[in-house]
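For reference, the structure I am asking about is given below.
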Amino acid sequence: MSHIGIRTRRARGTLTAGIVAALAAGLITAAPAAQAVSDKPAAAGDHAFTAQLRIGEGDAMRGCSAALVHQQWLLTATSCFATAPGAEVKSGKPALKSRATLGKQTVDIVEVVPRDDRDVAMVRLAEPITAVKPVELAADAPEAGETLLGAGFGRTRTEWVPNQLHTGEFRVDSTTDTTVALTGQDGVSVCKGDAGGPALRRKGGEVELTAVHSRSWQGGCFGETETRTGAVDARVDGLAGWVKDVRNRDRSYSADIDGDGKADLVVLRSNGDVVVYRNQGDTFAPGRVMSGGWDLFVTWKDLGRLYFADVNGDRKADMLVHTKDGNIAVRTNHGTYFDQGKHWSGGWDRFIDGSDLGRLYFADVNGDGKADMLVHTKDGNIAVRTNRGTHWDQGTHWSGGWDHFLTWKDLGRLYFADVNGDRKADMLVHTKDGNIAVRTNRGTHWDQGTHWSGGWDHFIDGTELGTLKFGDATGDGKADMFVHTKDGRVAVRTNRGTYWDSGKVVITL
């Protein structure tokens with residue numbers, strides 16, 4: 001790899017840091033983490049992806065830095081969010097009130113997702129930052145002798161809280177699997193308030209993120225007598241896959257929440273918030289939290305799972321809570337919230353995710369406007385249990401031979417939605433070869449079906465390119481295809497009667 005130098009600015013300022021433990025063997029003193037120092041602030045607009053963090057309140061408030069890696073996610077140091085030096089930081093809502101500022105926009109931090117092998121965390125913002133381009137992560141490791149550019153909002157030589165981004169050059173001394181040892185050049189150092197800030201490599205006229213500031217001697221920082229300018233950053237090169245996985249742990253649904261006849265987007269975030277993005281025709285409105293506390297229902301491996309469907313026939317999708325004890329409760333949609341719910345059915349503890357006795361779906365099969373329960377058992381049979389207003393009945397057999405479509409790891413998966421506009425849910429068969437066939441609802445069974453689309457072999461279970469959902473996005477009564485790719489974009493492919501068109505992106509989540 002060629003080492004591209006970065007034009008040096010002599011150090012007068014520093015990069016700030018958060019709380020950090022001392023390095024073993026006395027390499028670094030037990031002091032807060034650091035950032036980089038330069039003699040001048042960064043030029044206006046340079047490295048605008050660098051965020052200033054404020055963690056805690058009042059006299060206990062401290063600063064850190066971070067880098068925007070997605071419109072709604074920052075990459076920073078886990079140690080910034082510790083309540084005391086060395087304290088464990090758990091995944092979820094920050095223990096202290098935390099905010100991030102990028103440019104003129106300040107938003108709350110609502111979730112922290114630490115890595116367990118290095119001082120790195122993803123943090124979710126309460127709303128997306130749309131005016132700033134995120135920084136890309138480096139794929140290649142830093143090499144000894146390479147020069148990186150450090151950035152952050154930490155102390156300078158003369159200021160406690162400069163509130164301006166400063167930058168400076170650092171030489172790479174050595175690396176481990178998870179860290180990179182650096183030495184600030186020409187008096188540049190990493191200081192308090194810089195923890196979590198980016199270490200950048202120039203590449204093709206752009207920069208890429210190689211590491212985040214973690215620990216430092218803080219030589220030359222305001223209030224420090226130390227002269228050494230060494231630092232240890234946490235490597236983030238090669239973590240693009242992890243960053244994408246963290247972003248994509250959320251579960252998305254299509255369901256008409258406001259009753260206007262058009263399917264909205266519902267996202268169950270990994271922090272437990274149920275966020276509704278209302279369908280506005282050509283686009284979707286910014287998300288609004290409609291319910292919270294469902295973080296143990298995201299993976300389907302903890303307390304259970306959620307579904308969204310119109311159970312009471314008022315055209316607004318309700319929330320169905322399927323707990324691991326086998327009970328299913330319906331929480332009625334009251335426009336801005338779901339109520340506390342009522343028990344509708346029990347005995348479904350082995351039907352959570354298809355890996356045991358089977359899987360459940362909810363859709364209006366008989367056309368009365370109320371969601372019925374579809375029971376897909378491991379023997380391949382599908383029964384429809386009709387909605388009776390306060391419960392689903394014992395059901396009747398509708399189809400068989402679907403035993404390899406339960407886990408989504410075998411031949412494919414199934415969906416149920418009204419594709420032809422007769423108000424009765426049809427069966428969509430998504431096979432692992434990428435084809436999607438529509439089997440039309442004939443009142444007591446689904447027919448043999450016709451081919452509607454192909455090329456979706458990497459969209460089966462969300463582990464590859466993304467996921468598919470089906471709902472009426474246009475309000476014409478016929479289910480359209482929602483394509484949710486792993487970069488966060490959601491495209492709607494409109495139902496054209498015998499196929500879905502090429503679609504357009506309507507929102508980036």
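Take region 361-387 and flag every residue that is surrounded by 20 or more Cβ atoms within 10 Å (Cβ to Cβ) and either more than 24 Å from residue 260 (Cβ to Cβ) or free of Cβ contacts under 8 Å to residues at least 60 places away in the same chain (or both).
361, 362, 372, 373, 374, 375, 376, 382, 384
Filter region 324-340 down to the residues that are part of a loop (DSSP other than H, G, I, E, B) and either open to solvent by less than 50 Å² (accessible area, probe 1.4 Å) or in contact (Cβ under 8 Å) with a residue 40 or more places away in the chain (or both) and list them by number. So that I can check it myself, show each step before the final result.
Taking region 324-340 and keeping what is part of a loop (DSSP other than H, G, I, E, B), we get 324-327, 332, 334-337, 339-340.
Passing the criteria: 326, 332, 335, 336, 337, 339.
Moving on. From the list 100, 181, pick out the single residue that is touching a strand residue (DSSP E or B) at 6+ places or on another chain (Cβ under 8 Å), under 13 Å from residue 231 (Cβ atoms), free of Cβ contacts under 8 Å to residues at least 60 places away in the same chain and assigned to a strand (DSSP E or B).
Numbers: 100 fails: under 13 Å from residue 231 (Cβ atoms).
That would be 181, the only listed residue that is touching a strand residue (DSSP E or B) at 6+ places or on another chain (Cβ under 8 Å), under 13 Å from residue 231 (Cβ atoms), free of Cβ contacts under 8 Å to residues at least 60 places away in the same chain and assigned to a strand (DSSP E or B).
Here is a further query. From the list 237, 282, 258, pick out the single residue that is modelled with pLDDT of 95 or more, open to solvent by 20 Å² or more (accessible area, probe 1.4 Å) and more than 15 Å from the chain's Cα centre (by Cα). Walk me through how you get there before you give the answer.
Details: 237 fails: open to solvent by 20 Å² or more (accessible area, probe 1.4 Å); 282 fails: modelled with pLDDT of 95 or more.
Going through 237, 282, 258 in turn, the sole match is 258.
Could I ask something else about it? For region 232-323, give me every one of the strands (runs of 3 or more DSSP E) that falls completely inside it and has 1 or more residues that are touching a His at 6+ places or on another chain (Cβ under 7 Å).
Working: elements: 251-255, 264-268, 274-277, 288-291, 304-309, 318-323.
It comes to 251-255, 304-309.
Being more than 27 Å from the chain's Cα centre (by Cα) and among the small types (Gly, Ala, Ser) is the filter here; which residues of region 390-438 pass it?
395, 399, 400, 401, 421, 425, 437
Follow-up question, since we're still on this one. State whether the residues of region 131-147 include one that is open to solvent by 10 Å² or more (accessible area, probe 1.4 Å), free of Cβ contacts under 8 Å to residues at least 40 places away in the same chain and outside any loop (DSSP other than H, G, I, E, B).
no
Report yes if some residue within region 462-472 is over 23 Å from residue 256 (Cβ atoms), open to solvent by less than 30 Å² (accessible area, probe 1.4 Å) and at pLDDT 95 or above; otherwise report no. Write out each step before concluding.
From region 462-472, those over 23 Å from residue 256 (Cβ atoms) are 463-465; that's our starting set.
From what's left, open to solvent by less than 30 Å² (accessible area, probe 1.4 Å): none.
Scanning region 462-472 turns up no residue that is over 23 Å from residue 256 (Cβ atoms), open to solvent by less than 30 Å² (accessible area, probe 1.4 Å) and at pLDDT 95 or above.
Do we have any residue at all in region 116-128 that's without any contact (Cβ under 8 Å) to a residue 60 or more places away in the chain, closer than 18 Å to residue 215 by Cα and assigned to a loop (DSSP other than H, G, I, E, B)?
yes
Name the residues in region 211-244 that are within 29 Å of residue 71 (Cβ to Cβ) and free of Cβ contacts under 8 Å to residues at least 24 places away in the same chain, would you?
Within region 211-244, just 241 meets the criteria.
Being more than 30 Å from residue 306 (Cβ to Cβ) and either surrounded by fewer than 24 Cβ atoms within 10 Å (Cβ to Cβ) or under 32 Å from the mean Cα position of the chain (by Cα) (or both) narrows it down to one residue among 250, 177; which is it? Steps first, answer last, please.
Details: 250 fails: more than 30 Å from residue 306 (Cβ to Cβ).
Exactly one of 250, 177 is more than 30 Å from residue 306 (Cβ to Cβ) and either surrounded by fewer than 24 Cβ atoms within 10 Å (Cβ to Cβ) or under 32 Å from the mean Cα position of the chain (by Cα) (or both), namely 177.
The rows are residues; the columns are (1) open to solvent by 40 Å² or more (accessible area, probe 1.4 Å); (2) hydrophobic (A, V, I, L, M, F, W, C); (3) in contact (Cβ under 8 Å) with a residue 12 or more places away in the chain.
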site: 430; (1), (2), (3): no, no, yes
site: 437; (1), (2), (3): no, yes, yes
site: 440; (1), (2), (3): no, no, yes
site: 444; (1), (2), (3): yes, no, yes
site: 449; (1), (2), (3): no, no, yes
site: 476; (1), (2), (3): yes, no, yes
site: 485; (1), (2), (3): no, no, yes
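The values are calculated or read from the model by the stated rules, or taken from the named source; none is laboratory data. This one's a predicted model, so the numbers in the text were calculated from it and none came from an experiment. Ideal geometry is used to build each Cβ from the backbone, glycine not excepted, and the neighbour counts take in all protein chains shown. Note: accessible area is taken over every heavy atom of the protein model, side chains too, but ligands, DNA and RNA are not part of it. Shrake-Rupley method; radii C 1.70, N 1.55, O 1.52, S 1.80 Å.
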